[in-house]
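As structure tokens, the structure follows; a few thoughts come after it.
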Amino acid sequence: MPLLRIRTEIEDRPGRLASLTAALARRGANILGLSVQLDADGVVDEFIVDVPRGGPDARALAEALGAAGGTRTAVLPARPHDLVDEPTRALALAARLRAEPDAVPEILGELLRADEARWDAPGGEEPDRRDLLVPVRGRSVRLRRAGLPFTATEAARADALVRAALPAVPRPSASRRIALRDGTQVVVRPIEHRDGDAVRALHERCSLDSRRMRYFSPKPYPPRRSFERFCDPSRGLTLVAEGPDGSLLALAHLVLVRDPGAAEAAFLVEDAWQGRGLGRGLAELLLALARDRGLVEVRATALSENARMRRLLTSLGGRTRRTDDTAIVEIRLRLDGRPAEPGALAGWAGERRI
């Protein structure tokens, strides 16, 4: 029976995937493989299916998925090799890359099933929807594939494979000293259990309006269970900013969500330290660390009236989306799995001026 690869984009809402699988079942397509990927405007579902001989052709399947809510649907021939378990295939390619570091383009091309894979010439042509540029130690590999544009999740997979298989660079230390616009030195580090009282004091110094912008209500401080979640690395990462006197000036959260490769960001900066570059410095660092962890998208929800938060995240490449609540917007930053800009993490143990 013909084996097909189907990729379609759906709105990220409950029940959408069930609608797609039901539409394929009605057409007699047997689903042999499924992956869910993030992309710029939604969720991309990829199926490997076989269809009975004489069954629906590619156009009929695309139309069926379109009627079920899928958009930008592509249906292409697949190979039996595509049914190999994806984690197993990626681990095998990582082992091969360790043994053959000069074969980076070929191995990345196999990972993402690209039609073409080669080292990119410095100053080469700008990538289009068919292309993906994967940074590799100051150079780039250009992948090209017709019919199936690369998703942000695929970009993250390629970047993760390179970082996992090739010799590692030294890891940054756990804390970092940054200088704000006025020259004040601030230490940024991961939160610790000993910070409980300082986190409460930070909230007590913040105005009702600052707390409302952060939590959508002027709650006095997070309950103990919320603080414990801040300290749990399995849930994400929380950074604290320490002032010259050792008090906590700000919190920055990167909270993992159920969507693969995504996390939510949130910030609280003490009123007296707002407008001095601290929020931007924390946001840039949080995005760099998200890329380093292989995330492909960072999201933040904000009150529509929170112009400062919206300006900050859109200036960093975020796209604002409406929500069902007119008082709340969502800002999404696509990371594409690319590493941080040169130097963004290299200075983690030293000083960087914001």
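The values are calculated or read from the model by the stated rules, or taken from the named source; none is laboratory data. Treat the numbers as computed from the prediction; the structure is a model and nothing was measured. Quick reminder, even Gly has a Cβ in these numbers, built from the backbone with ideal geometry, and neighbours come from all protein chains shown. In case anyone asks, the SASA skips ligands and DNA or RNA and just uses the protein heavy atoms, side chains included. Shrake-Rupley method; radii C 1.70, N 1.55, O 1.52, S 1.80 Å.
Here are the numbers for the structure shown:
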item: Principal-axis tilt of helix 278-292 within the chain, Cα atoms, nearest 10 degrees; result: 30
item: Which of E204, E9 is most accessible, then next, and so on - probe 1.4 Å; result: E204, E9
item: Near-label residues of region 246-269 by backbone N, under 18 Å of a point 7 Å along Cα→Cβ of E192; result: 246-252
item: Rounded percent of accessible protein surface that carbon and sulfur make up, the chain, 1.4 Å probe; result: 52
item: Exposure ranking of D115, D102 by accessible area [1.4 Å probe, largest first]; result: D102, D115
item: Mean Cα-pair separation over length for the chain, i.e. relative contact order, pairs under 8 Å, 6 or more apart, %; result: 14
item: Estimated distance in nm for a label pair at E204 and A18, the labels positioned 7 Å out from Cα along Cα-to-Cβ; result: 4.9
item: Segment D245-D128, extension gain: residue separation times 0.36 nm, minus the distance between their alpha carbons; result: 37.1 nm
item: FRET efficiency estimate (nearest 0.05) - Cβ-Cβ, V257 to D115, R0 25 angstrom; result: 0.15
item: Average accessible area per residue (Å²) across region 203-253 - probe 1.4 Å, nucleic acids and ligands excluded; result: 49
item: Approximate spin-label separation Y215-L316, in nm, with each point projected 7 Å along Cα-to-Cβ; result: 2.2
item: Contour excess over end-to-end distance, with Cα ends at R79 and S175 and 0.36 nm allotted per residue; result: 29.8 nm
item: The chain: angle of helix 152-165 to the longest principal axis, Cα-based, in degrees nearest 10; result: 80
item: Calculated FRET value between A25 and D232, using beta carbons and R₀ = 41 Å, to 0.05; result: 0.55
item: Protection-proxy order for peptides 153-159, 307-313, 240-246, 286-292, each taking the mean of Cβ atoms within 10 Å per residue, highest first; result: 153-159, 286-292, 307-313, 240-246
